[in-house]
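Here's the structure, in structure tokens; my notes come after.
The values are calculated or read from the model by the stated rules, or taken from the named source; none is laboratory data. None of these values were measured; they are calculated from a predicted model. Glycine gets a Cβ as well: all are built from the backbone with ideal geometry, and neighbour counts include every protein chain shown. Side chains included, ligands, DNA and RNA excluded: accessible areas come from the protein's heavy atoms. Shrake-Rupley method; radii C 1.70, N 1.55, O 1.52, S 1.80 Å.
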Amino acid sequence: MRKKLLLGNWKMNKTRPEAKEFAKGCGEMVEYAVSHGIDVGVAPTFVCLCPVLKHAPKELIVAAQNVNEHDHGAYTGEISIPMLKEIGIGWVILGHSERREYNGETSEACNLKIKALLANDMVPVYCCGESLGTFEEGKTKPFVEEQIRVGLADLKPEEAEKVVIAYEPIWAIGTGKSATKEIAEETIAHIRGVLASMFGAPVAEKIRILYGGSVKPGNIAEYMSMPDIDGALVGGASLELDSYKGLIEGLVG
Ligand code: PGA
């Protein structure tokens, strides 16, 4: 049985006092989620990682939104895995469509980062998803398959099972236009098939695959009713405590 997972992607939102307020206020809802066997977390900006780690219950997963694959060196503006590890971060989001679009992050670059994270016993959350044009041309499956095959290339099966995948159609991110649960399930089931062909069916059955893109308290339960969807990566609706609580309630069902 795959454990359900809710991960809030805060993107470039919240000052430290705002992040601290969220962290201090989420205790009961995190406890509620954990008591129902659900993993919950947030991905704050780099400057807000420490305040959230300090004030949130230790059960809240705290993820970074990016990392560099090198341990140290002349990489201005970058943050390394040892730096994240030292402050107690164990999870990192990679390959988000916004980073692919604005920062030129490729699936090949994600592959290097994923390997470096796994070598450090950290959990990569690898995002994939197609543009509206690709969706309308009916090419979603081959497009996403390529992102998965390149991003997870050369992993051993025992490494691959530790990765979390997030399928986020770009046309659904921040647009209020979420994919139907059937569309999300169809692509996610295809991703699981690709994972089975790469790492074997038993490993593919263990890998958690999230849906993301305009997930709200009012629609999260629909996605969770689908067999291959194991949770959600949520942007806008993860920012406020009330709405985050609504997401957890929807996930618990
Ligand atoms: P959204 O963002 O929930 O605001 O659509 C999702 C994401 O980008 O992870």
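Look at G174 and say whether it is in contact with a helix residue (DSSP H, G or I) (Cβ under 7 Å, 6 or more places away or on another chain) and within 16 Å of the ligand (Cβ to nearest atom). I'd like the intermediate steps shown before the answer.
Values: in contact with a helix residue (DSSP H, G or I) (Cβ under 7 Å, 6 or more places away or on another chain): yes; within 16 Å of the ligand (Cβ to nearest atom): yes.
Yes: the conditions hold for G174.
Look at V215 and say whether it is of a type in the set (V, I, T) and within 15 Å of the ligand (Cβ to nearest atom).
Working: of a type in the set (V, I, T): yes; within 15 Å of the ligand (Cβ to nearest atom): yes.
When the stated conditions are applied, V215 passes them.
Scan the range 104-127 and tell me whether some residue there is among the acidic types (D, E) and assigned to a helix (DSSP H, G or I). Quick ask: steps written out before the conclusion?
Here is the first cut: in the range 104-127, the residues among the acidic types (D, E) are 105, 108, 121.
Among the residues that remain, those that are also assigned to a helix (DSSP H, G or I) are: 108.
Looking through the range 104-127, at least one residue is among the acidic types (D, E) and assigned to a helix (DSSP H, G or I).
Here are the criteria: (1) open to solvent by less than 10 Å² (accessible area, probe 1.4 Å); (2) farther than 19 Å from W91 by Cβ; (3) out of contact with any Asp or Glu (no Cβ under 6 Å at 6 or more places or on another chain). Tell me which single one G213 does not satisfy.
Condition (3) is where G213 drops out.
Looking at S131, is it under 21 Å from V62 (Cα atoms), within 16 Å of the ligand (Cβ to nearest atom), open to solvent by 10 Å² or more (accessible area, probe 1.4 Å) and not aromatic (F, W, Y)?
Details: under 21 Å from V62 (Cα atoms): no; within 16 Å of the ligand (Cβ to nearest atom): yes; open to solvent by 10 Å² or more (accessible area, probe 1.4 Å): yes; not aromatic (F, W, Y): yes.
When the stated conditions are applied, S131 does not pass them.
Can you tell which of T175, T187 is surrounded by fewer than 16 Cβ atoms within 10 Å (Cβ to Cβ) and polar (S, T, N, Q)? Walk me through how you get there before you give the answer.
Numbers: T187 fails: surrounded by fewer than 16 Cβ atoms within 10 Å (Cβ to Cβ).
Being surrounded by fewer than 16 Cβ atoms within 10 Å (Cβ to Cβ) and polar (S, T, N, Q) holds for just one of T175, T187, which is T175.
Only one of these conditions is not met by L155: (1) within 13 Å of the ligand (Cβ to nearest atom); (2) more than 15 Å from the chain's Cα centre (by Cα); (3) among the hydrophobic types (A, V, I, L, M, F, W, C); (4) within 30 Å of G88 (Cβ to Cβ). Which number is it?
Of the numbered conditions (1) within 13 Å of the ligand (Cβ to nearest atom); (2) more than 15 Å from the chain's Cα centre (by Cα); (3) among the hydrophobic types (A, V, I, L, M, F, W, C); (4) within 30 Å of G88 (Cβ to Cβ), the odd one out for L155 is (1).
If you take the residues in the range 134-171 that are of a type in the set (G, A, S) and open to solvent by 20 Å² or more (accessible area, probe 1.4 Å), which one is farthest from G193 (Cα to Cα)?
Selected residue: G138.
Hey, G176 hits all of (1) out of contact with any Gly (no Cβ under 7 Å at 6 or more places or on another chain); (2) at pLDDT 95 or above; (3) of a type outside the set (A, V, I, L, M, F, W, C) but one; which does it fall short on?
Every condition holds for G176 apart from (2).
Can you name every residue in the range 119-128 that is open to solvent by 20 Å² or more (accessible area, probe 1.4 Å) and not acidic (D, E)? Let's see the steps before the verdict.
Of the range 119-128, the ones open to solvent by 20 Å² or more (accessible area, probe 1.4 Å) are 119-121, 123.
Within the range 119-128, A119, N120, V123 qualify.
Within the range 223-233, identify whether any single residue is out of contact with any strand residue (DSSP E or B) (no Cβ under 7 Å at 6 or more places or on another chain), modelled with pLDDT of 95 or more, more than 19 Å from V164 (Cβ to Cβ) and more than 15 Å from the ligand (Cβ to nearest atom), and answer yes or no.
Yes, the conditions are met somewhere in the range 223-233.
Kindly establish whether I183 is free of Cβ contacts under 8 Å to residues at least 24 places away in the same chain and either within 16 Å of G8 (Cα to Cα) or more than 10 Å from the ligand (Cβ to nearest atom) (or both). Don't jump to the end; show me each part of the working.
On the way: free of Cβ contacts under 8 Å to residues at least 24 places away in the same chain: yes; either within 16 Å of G8 (Cα to Cα) or more than 10 Å from the ligand (Cβ to nearest atom) (or both): yes.
Yes.
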